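Rule-based calculations on the coordinates, nothing more; no lab input. Not measured: the values here are computed from a predicted model. Cβ placement follows ideal geometry from the backbone for every residue including glycine, while neighbour counts extend to all protein chains displayed.
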């Protein structure tokens, strides 16, 4: 039986000293010139591998976004697999950002594809719109293999509110309803690790800190995966709202602000991998400091 | 400029005479014995190609479910691409059942991967949880290329209600809220074809016919993709609720009840492709008759 996902993640955070994750979202147009040789799949793969090399040991986790690979069909998915494997070999926790979700029989196929097998990610993001029976195959597979899932609760994008703020007669919002379901599904004893956290976590956007504090109360056993820092506009203090008083319970993701740091005039003339390493370190320090100050 | 998706779909339905779609959901364990030679990816590909051969000319559309291919990683996705290409060559409308959804920048990558390019499906299913800005790249790409999208509104699985029936102070349910957003987004003049239907459609499960009638009112310009017939428990009459009075406006999907028909004792001794052809024809006749009777 593999060690529990939450325990592995917390240990990795403890080793590095900061609860952060770097998103691997490679868009060909934005890559360093030296990688743009016309073979787009080879270039995004090289960029993904370069990010892994630059951040290993500096951050506990990476989050490859499969969409940027899937844009190139099966050849791109093969590149995604190589980046996931390299990240695991480098000792990083890998969160596959795939946001899959479907009815139970179909969700089983997704769970097999994305959580099973030697080179599968340690965790994936999933969409909870199908409810409990659609989540069950992901939950069961994660529980059986020491893996984790993060269910979309509150997303970080501008139009999220128009959908997710839909409220019932007593003012409860839809994303809070989803959060209650996640808390309930994730509270089963078999899903809880030695750390007290569940292998069923939640995605909670950093761009709404007041809501994050409320969701922290609804989901005491969930680790929050927090997107929205940097390019999407959230500050380190905004992100701190997703943590418990003891400074645990969340991992903050930054993608564009770290991986495209070489475009920042501040880093002019520096090797692109070195800029990513530097930006990742700065990001980790920024979050560490805010979490400390908010304890 | 390619012909509008809704117009192409309606023309294909008209040629065949029944608004049905066969789902391609190949699970290795359930395949005909003669295909189970140990190479699972080759077997599901052969089964997918066999379904295409069996149903071409008998139904207007097929819906390959990418999860059953993605279970095998990039090699499985390559098989999915071959099945999609074969279906298009056979003159079928192809609806890629991928249920993707993310923030705008990421959704753009998904839209490129699943709707652009010579061999991309004619339409895909998408998840609307991110709201308008997450849908926009899919809508824009569909509009520009004569493709379509079907946004998840009401799913056909047992636990859908616990999530999607969440209601506001006046009793409006969450899936109706999503339906209103889909109707609004899809009503833009540039998205409407000569048939009066939008390239932005909706997924509406057949297992809840009363709700389908209400959703038909909320979304007059949407074509409904209706899963749930057969293995999931909905009858042809249940499905008829998703159509307009003139008998247009929906396409009913059946997957397991058609593609695994060879396991039905009724068809014992018949070649597996012939059983699929026979079951597809029976399904098409069943839906045609119910839609006629409900006009």
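One table, with the values for the structure above:
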quantity	calculated
Other-copy label distances relative to residue A:196, 7 angstrom Cα-Cβ extension, nm	6.1
Kirkwood Rh and Cα Rg combined as Rg/Rh, the protein assembly as shown	0.97
Across the identical copies, how the residue B:264 labels are spaced - nm, sorted shortest first, 7 Å along Cα→Cβ	6.2
For segment A:5-293, the fraction of alpha-carbon pairs in successive 10 Å shells from zero, as %	7, 30, 37, 21, 5, 0
Chain B: most fluctuating residue of B:183, B:11, B:123 per GNM, C-alpha cutoff 10 Å	B:11
Computed [θ] at 222 nm, helices only, for chain B once each DSSP H run of length n ≥ 4 contributes -39500 (n - 2.57)	-14000 deg cm²/dmol
Relative contact order %, chain B, counting alpha carbon pairs below 8 Å whose residues are six or more apart	20
Most mobile of A:241, A:67, A:142 in a GNM of chain A (Cα contacts under 10 Å)	A:67
Cα gyration tensor shape of segment A:161-295, rounded if a/c is under 1.5, else prolate or oblate by comparing a/b with b/c	prolate
Whole-angstrom gap from segment A:13-86 to segment B:57-74, using each part's C-alpha centre	28
Potential extension, residue B:89-residue B:184 segment - 0.36 nm per residue separation minus Cα distance	30.8 nm
Helix A:132-145 vs. chain A, principal-axis angle (Cα, 0 to 90°, nearest 10)	60
In degrees, nearest ten, helix B:104-115 long axis to first principal axis of chain B (Cα)	40
Shortest-first nm distances, residue A:53 label point to equivalent points in other copies (7 Å, Cα→Cβ)	4.7
Sorted by Cβ neighbour density within 10 Å, fewest at the top, the residues B:99, B:274	B:274, B:99
For segment A:133-200 versus segment A:244-292, the gap between their alpha-carbon centres in whole angstrom	27
Selected from B:224, B:47, B:150 as most flexible by GNM, with chain B as the system and alpha-carbon contacts under 10 Å	B:47
Between 0 and 90°, nearest 10: helix A:174-186 axis offset from chain A longest Cα axis	80
Å³ per residue enclosed by the Cα convex hull of segment A:34-137	97
Average beta carbon contacts from partner chains per residue of B:113-122, 10 Å cutoff	2
